[in-house]
Amino acid sequence: MSVGLVYDKACLQHDMGDCPERPERLLAIIKNLSETGLLAHLVRLPAKMATRQELLRNHSASLISLVEQLAANGGQELDNDTYISEGSFIAARYAAGSAINAARAVFDGTCRQVFALVRPPGHHATTRRAMGFCLFNNVAIAAQTVLAEGWAKRLAIIDFDVHHGNGTANTFSEDPRVLYISLHQWPLYPGTGDWRETGAGAGRGYTVNIPLPPHTGAAGYRRAFDEIVKPVLFRFRPEMLLVSAGYDAHWADPLADMLLSDAAYAELTTKLLVWANELCAGRLVFVLEGGYHLEALTGGVAATISSLLGLPYTDVLGPSRVHETDIGDLPVRISAWHGVLPS
């Protein structure tokens, strides 16, 4: 079955000025997908603006009104990392709506895998606060819609952005219908995501944080995927996989200190695709999060899409020359904490 892409130029309207999270990120990705011929292999799916009702499934009315009003007034800085411009409310609604349409496509049979190419990113946004470059939480809104519309009764979110998705984790901390798994550099912004944070109430055990040391590379991520992510997914048996796809764990990214390459992103994608095929009829949606070195970002996205299509790719930047950190017994400790034996 074909692979879909959701993208709309409306996401370019969000402009935070001199900030790594800038419109050029999406323009560079689209240009690279076109020049490499990958774009021709993808089914272009329609984007849409998320409705107020869809936003309210995950966010407070006060946050939605704040973003809307500040955008209408020409924009304003919310914190050192988050700025609202005149076009931000429209862009953020398109980002959330595109994630929803990507999820819809895998359930209505249009495509089995979809990449939602969106900005602003979302996984730091909590129900009541925009932060960390994020206004509305695109993945969480899509997940809430999947559950509210009855497309699935349980789903998993895998977040491989280099930063912990505190907003997504908080949103679903007490919800046993959503398994949240995050692989992130530790310590790093926003300072959350300790491996002992497992959720609360009925959701205890359904949050799996995998904090990785600086300079973790492909070998460490491979172990984390094989020894933690896989057994947890197969125990939970989700009906779809949503991926918060950040490419800022690439060795060339300026905001972190991890050592992934395009080849590593291709490998992680292939693992997720194989597991999605085994668990949930291949239903797999990637939603763009971070990634701030344009060549690393475009290469990582191309590697992901090539892997979904079963096509070869070119790793332009190649591997890092920095020695990788061994993650030691972390997988064993986390697996034992969650009652999951490594596979």
Could you put Phe286, Phe225 in order, starting from the residue whose Cβ has the fewest other Cβ atoms within 10 Å?
Phe225, Phe286
Taking K and R as +1 and D and E as -1, what net charge do the other residues with C-beta under 15 Å from the C-beta of Leu63 add up to?
+2
Would you mind computing the Rg to Rh ratio of the chain from its alpha-carbon coordinates, Kirkwood style for Rh?
0.93
Can you compute the FRET efficiency between Asp79 and Arg222 using 1/(1 + (r/R0)^6), with r the Cβ-Cβ distance and R0 = 45 Å? Round to the nearest 0.05.
0.80
Run the helix sum for the chain: -39,500 (n - 2.57) per DSSP H stretch of 4+ residues, divided by residue count, reported at 222 nm to the nearest 500 deg cm²/dmol.
-11000 deg cm²/dmol
For 163-169, 319-325, ranked highest to lowest by mean beta-carbon neighbours within 10 Å, the order is 163-169, 319-325
Counting other beta carbons within 10 Å of each Cβ, put Met131, Met258 in order, fewest first.
Met131, Met258
Computed over segment 182-295, the relative contact order (Cα-Cα under 8 Å, seq sep at least six) in percent reads 26
Return the percentage of antiparallel bridges among DSSP beta bridges fully within the chain, rounded to the nearest 5 %.
15
Cα gyration tensor, segment 108-177 - rounded (a/c under 1.5), prolate or oblate:
oblate
Going from the fewest other Cβ atoms within 10 Å to the most, one would list Arg177, Arg119, Arg333 as Arg333, Arg177, Arg119
Determine, for the chain, the count of lysine pairs separated by eight or more sequence positions (or lying on different chains) whose alpha-carbon distance falls under 21 Å.
4
Sort 290-296, 251-257 by packing, meaning the average of other beta carbons within 10 Å per residue, with the highest value first.
290-296, 251-257
In percent, what relative contact order does the chain have, based on Cα pairs under 8 Å that are 6 or more apart in sequence?
18
Take Ala281 and His323, extend 7 Å from each Cα along the Cα→Cβ direction, and tell me the distance between the two endpoints in nm.
5.1
Length-normalised contact order for segment 55-205 - Cα pairs under 8 Å, 6+ apart - percent
19
Mind jotting down the distance between the C-alpha centroids of segment 1-37 and segment 265-293, whole Å?
19
Using only the alpha carbons of segment 214-281, determine the length spanned along each of the three principal axes and report them from longest to shortest in whole angstroms.
36, 19, 17
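Values in this text are rule-based calculations from the coordinates and carry no lab data. The model shown is predicted, which means the values in this text are computed figures rather than measured ones. Neighbour counts run over all protein chains shown; Cβ positions are idealised from the backbone, glycine included.
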